[in-house]
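Input: a single structure, listed below in structure tokens.
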Amino acid sequence: MAGNGDQQAPEAAGLAVATFAQRPDLLSKVFGPEIESAVPEFMRHDPVAALYYGTGQLDRYREFGLVAVDQAEPDRPIARAFSVPFTFRDRISGREELPRRRLGRGDPLGR
């Protein structure tokens, strides 16, 4: 799914899952009160989290975030998930470098 904005995500039990690259319209909604109420208060004030989730930061790596919606209400997110790209040093082609062209200048923080 990641890295391929045209590929359809799996559907199960009436849920549809997509990346934020596929559904950028839902990015701001996953930080709304309905979903944020499930996040512990202390996690909403983490200064390091602003590096990843601050205004505009997620725009740089939308293909690494997921959103789930009920198929009956496809514009209302019910879950979110985020991943962090990393590399392996196992000599398997395509796994030794981060996807620089998608992240900006070279690392997940865009430095």
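Here is how the numbers come out for the structure above:
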quantity: Residue list for segment 56-95, filter: β-branched (Val, Ile, Thr), under 15 Å from PHE20 (Cα atoms) and modelled with pLDDT under 85; calculated: VAL84
quantity: Pairs with Cβ under 7 Å, 6+ apart, first in segment 75-93 and over 22 Å from LYS29 (Cβ atoms) and without any contact (Cβ under 8 Å) to a residue 60 or more places away in the chain, second basic (Lys, Arg) and surrounded by 10 or more Cβ atoms within 10 Å (Cβ to Cβ); calculated: THR87/ARG95; PHE88/ARG95
quantity: Matching residues in segment 63-74 - criterion: being in contact (Cβ under 8 Å) with a residue 40 or more places away in the chain and closer than 14 Å to LYS29 by Cβ; calculated: GLY65, LEU66, VAL67, ALA68, VAL69, ASP70, PRO74
quantity: Enumeration of residues in segment 35-75 that are of a type in the set (A, V, I, L, M, F, W, C) and part of a strand (DSSP E or B); calculated: LEU66, VAL67, ALA68, VAL69
quantity: Candidate set from segment 11-28 (those that are of a type outside the set (A, V, I, L, M) and out of contact with any helix residue (DSSP H, G or I) (no Cβ under 8 Å at 6 or more places or on another chain)); member that is modelled with the lowest pLDDT; calculated: GLU11
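The values are calculated or read from the model by the stated rules, or taken from the named source; none is laboratory data. What you see is a predicted model, and the numbers here were worked out from it, not measured in a lab. Because the Cβ atoms are built from the backbone with ideal geometry, glycine has one as well, and the counts that use them run over all protein chains shown.
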